[in-house]
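**Q** Dropping a structure here in structure tokens format, bear with me for questions.
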Amino acid sequence: MTMTDTQTAPLTDDVIVGLDGGILSVSLNRPSKKNAITDAMYEAVAGALQRARTDKAVRVVLIRGEGENLSAGNDIGDFTAIAMGMKPPEDLAVHRVLKGLADLDKPLVIAVKGFAVGIGTTMLLNADLVFVAEDAKLSTPFVNLALAPEAASSLLMPMRIGHARAFSMFALGEVIDGRTAAAWGLANAALPADQVDAAALKACQALVQRPINALRATKRLMRDAEVLWAIMQRENAAFGAQLTTPEAREAFMAFAERRPPDFTKLD
Ligand code: COA
């Protein structure tokens, strides 16, 4: 599915934003890097979420990935730039996406195929309906990267799947497939990969028929934006502090050099 929006000039071709029939679709479009998300892509997503809040024509938001994956998570090159002191850890573009997710009171539907790493999985906790491919691979390997959870996942993940499973995903980098994600309550349904986009679109088409104010009131009652943003800010501080540590530098160097990290010599 591709939709274009002639009203808004794109910030980057790596995110395609389109409005069609009340559905604002946000497609991550960097398939050669498994849709790893750069700062420019975060800015584009943040802009789309901001528009969703203020544009009456938008009744539901759909996030999906072009190609075979939702997203391999934050671009590790961007993390490396911070770890090496080339960029400050504050005021990251991702923070504007997180604020947008916390504040969004219109329905958010996410379609998950292939890899959903880091924010590719934690964004699901901020969605209202999730459709996942049976063979999708979901992971939140924050500790393997010497980082800490984000997107309010430190609160929402244990609430959703229980502390033990959440800790295993955060600290051991446990990868779960789509069937498991649905069984654990991270998704509404696990489907064959070629049916996921259609199922998500069908759900969006059903939602645009619903009364918008009742939808927004329901979502606001179910999710407290202020609490979520407070948790996200606490996480952002921990995440930002970790980004500049020697252990994070080791993790990012190891990724670039395609070798396992060695944290054993670091205090
Ligand atoms: N940041 C930057 N580049 C990434 C990336 C990321 N998060 N994830 C994948 N890529 C790039 C790879 O470097 C590779 O680029 P290249 O072809 O120029 O070498 C390309 O995308 C394909 O990835 P590759 O690792 O070859 O695919 P794979 O199928 O062997 O493994 C993953 C897929 C997702 C398991 C693996 O890419 C990975 O672990 N990525 C990092 C995930 C991560 O830790 N994200 C941050 C979470 S906070």
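**Q** Amide H of Asp20 versus every other amide H placed in the peptide plane: which residues, excluding those fewer than 5 positions away on the same chain, fall under 5 Å?
**A** Ser25
**Q** At a 1.4 Å probe radius, carbon and sulfur cover how many percent of the accessible area of the stretch 164-267?
**A** Of the solvent-accessible surface of the stretch 164-267, carbon and sulfur hold 57 percent.
**Q** If the stretch 165-208 were replaced by its equivalent ellipsoid, with semi-axes equal to the square roots of 5 times the Cα gyration tensor eigenvalues, what would those be, largest first, whole Å?
**A** Equivalent-ellipsoid dimensions as semi-axes: 26, 11, 8 Å.
**Q** Over the stretch 1-112, how many percent of alpha carbon pairs lie in each 5 Å bin up to the one with the longest distance?
**A** Calculated over all Cα pairs of the stretch 1-112, the distribution is 2, 12, 22, 25, 20, 11, 5, 2, 0 percent.
**Q** Would you tell me the accessible area of Met253, worked out with a 1.4 angstrom probe on the heavy atoms of the protein chains, in Å² to the nearest 10?
**A** About 70 Å², ignoring ligands and nucleic acids.
**Q** List the lysines whose Cα sits under 28 Å from the Cα of Lys87, skipping any in the same chain fewer than 8 residues away.
**A** Counting by Cα, and skipping residues close in sequence, Lys87 has these lysines nearby: Lys33, Lys34, Lys99, Lys265.
**Q** Another question about this same structure. When Lys and Arg each count +1 and Asp and Glu each count -1, what net charge do the other residues less than 13 Å away from Arg220, Cβ to Cβ, add up to?
**A** Summing Lys and Arg as +1 and Asp and Glu as -1 gives 0.
**Q** Classify the chain as rounded, prolate or oblate, taking a ≥ b ≥ c as the square roots of the eigenvalues of its Cα gyration tensor: rounded when a/c is under 1.5, otherwise prolate if a/b is larger than b/c and oblate if not.
**A** Prolate.
**Q** Evaluate E = 1/(1 + (r/R0)^6) for Arg258 and Phe167, where r is the Cβ-Cβ distance and R0 equals 41 Å; express this FRET efficiency to the nearest 0.05.
**A** The calculated FRET efficiency here is 0.90.
**Q** Calculate the FRET efficiency for Ser32 and Ala214 from the Cβ-Cβ distance with a Förster distance of 41 Å, rounded to the nearest 0.05.
**A** The computed FRET efficiency comes out at 0.45.
**Q** Provide the per residue accessible area, probe 1.4 Å, for the chain, rounded to a whole number of square angstrom.
**A** 46
**Q** Could you give the distance between the Cα centres of the stretch 243-259 and the stretch 80-130, to the whole Å?
**A** Measuring centre to centre over Cα atoms gives 21 Å.
**Q** How much solvent-accessible surface does Asp39 expose, in Å² to the nearest 10, with a 1.4 Å probe and all protein chains in place?
**A** 50
**Q** Pairwise over distinct Cα atoms, reciprocal of the mean inverse distance: report the Kirkwood radius of the stretch 116-267 in Å, one decimal place.
**A** 17.0
The values are calculated or read from the model by the stated rules, or taken from the named source; none is laboratory data. None of the values given here were measured: they were computed from a predicted structure. Cβ sites come from the backbone with ideal geometry, for glycine too, and all protein chains shown count toward neighbours. Side chains are part of the model used for accessible areas, which takes the heavy atoms of the whole protein and leaves out ligands, DNA and RNA. Shrake-Rupley method; radii C 1.70, N 1.55, O 1.52, S 1.80 Å.
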